[in-house]
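**Q** Next up is a structure, given as structure tokens.
The values are calculated or read from the model by the stated rules, or taken from the named source; none is laboratory data. None of these values were measured; they are calculated from a predicted model. A quick note on method: Cβ atoms are made from the backbone with ideal geometry, for glycine too, and the neighbour counts reach across all protein chains shown. For the accessible areas, the whole protein counts, side chains as well, though only heavy atoms, and no ligand, DNA or RNA atoms are used. Shrake-Rupley method; radii C 1.70, N 1.55, O 1.52, S 1.80 Å.
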Amino acid sequence: MSTPGSGLARGLAITFRAMTRRAHTRQYPDVAPELPPRSRGVIALFEENCTVCMLCARECPDWCIYIDSHKETVHAEGAARARQRNVLDRFAIDFSLCMYCGICIEVCPFDALFWSPEFEYAEYDIRDMTHERDRLREWMWTVPPPAALDPLAEPAKEVATVEKARAKAENPDEGETPARGEKSAAAEKPERPARSPRAAKAAEAAGEKPDAGEKQPEGKPERDDAPPEDDHSHPGSPSSIRERRAGSATTPSDGASA
């Protein structure tokens with residue numbers, strides 16, 4: 001059974017111990033709080049990147065984004081015809097409905113929406129919680145820079161392209177293309193297909209020399225006992241065969257002579 005007044009004594013003991021410790025109270029609003037680097041305070045708009053694609057308004061689960069626009073005809077110099085583009089007239093977010101899910105920021109294909117750590121936008125009237133594009137643009141300048149990349153990760157494509165262009169501008173001779181009439185090692189003349197043994201022999205008899213890039217014939221050499229084309233005495237030469245065929249065509253058959 002507890003002694004009467006023991007609870008009061010324990011409470012006073014806790015109070016006296018807390019009085020001797022240093023207070024951790026943040027003196028807000030006189031002292032601004034230290035927020036995490038990527039706090040979800042409010043959504044900021046970078047108007048120059050917005051193309052009025054309406055993806056953020058369609059994907060918003062609360063339907064708290066309101067966008068109005070109109071089409072404008074643009075006459076480009078040298079173009080065959082004029083083209084039309086969307087011009088942003090209104091971009092507003094009702095923060096009384098927003099649940100800070102960040103879907104609109106994730107689906108934006110042109111990086112027009114960002115998280116800002118600002119959170120001091122309370123109003124006395126709920127109808128004043130709908131902020132237009134001018135207020136959203138003011139919050140854009142409070143967006144912190146992105147976190148540093150992993151030093152072991154590959155550089156972004158944009159960074160690699162800029163570094164390559166910078167290196168080419170500093171050393172223009174390295175990436176210079178060969179002048180007209182010069183041949184590079186990568187553009188060497190391909191090898192020509194090899195001639196047949198008979199064609200090579202005929203070219204050699206005519207006094208032609210094989211090209212430097214011509215592939216030499218491979219395989220079995222031509223037979224030594226093959227009949228030459230100009231030897232009429234050989235029974236297997238083409239000239240002898242043509243003569244026999246001509247003679248058989250002019251000689252009358254036995255039935256015709258009878």
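**Q** Which one is surrounded by the most Cβ atoms within 10 Å (Cβ to Cβ) among residues in the stretch 94-109 that are farther than 25 Å from P146 by Cβ and of a type outside the set (A, V, I, L, M, F, W, C)?
**A** This residue is D94.
**Q** Still on this model: For the subset of the stretch 16-55 comprising residues that are among the polar types (S, T, N, Q) and modelled with pLDDT under 90, which member is least open to solvent (accessible area, probe 1.4 Å)?
**A** Step by step, filter the stretch 16-55, then rank; the result is S39.
**Q** Can you tell me which residue within the stretch 133-177, out of those that are among the hydroxyl-bearing types (S, T, Y) and over 30 Å from A92 (Cα atoms), is surrounded by the most Cβ atoms within 10 Å (Cβ to Cβ)?
**A** Ranking the candidates gives T161 first.
Results for (1) aliphatic (A, V, I, L, M); (2) open to solvent by less than 70 Å² (accessible area, probe 1.4 Å); (3) without any contact (Cβ under 8 Å) to a residue 60 or more places away in the chain; (4) assigned to a loop (DSSP other than H, G, I, E, B), shown as yes or no for each residue.
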{"position": "W63", "(1), (2), (3), (4)": "no, no, yes, yes"}
{"position": "I67", "(1), (2), (3), (4)": "yes, yes, yes, no"}
{"position": "H70", "(1), (2), (3), (4)": "no, no, yes, no"}
{"position": "A79", "(1), (2), (3), (4)": "yes, yes, yes, yes"}
{"position": "Q84", "(1), (2), (3), (4)": "no, no, yes, no"}
{"position": "A92", "(1), (2), (3), (4)": "yes, yes, yes, no"}
{"position": "D111", "(1), (2), (3), (4)": "no, no, no, yes"}
{"position": "F114", "(1), (2), (3), (4)": "no, yes, no, no"}
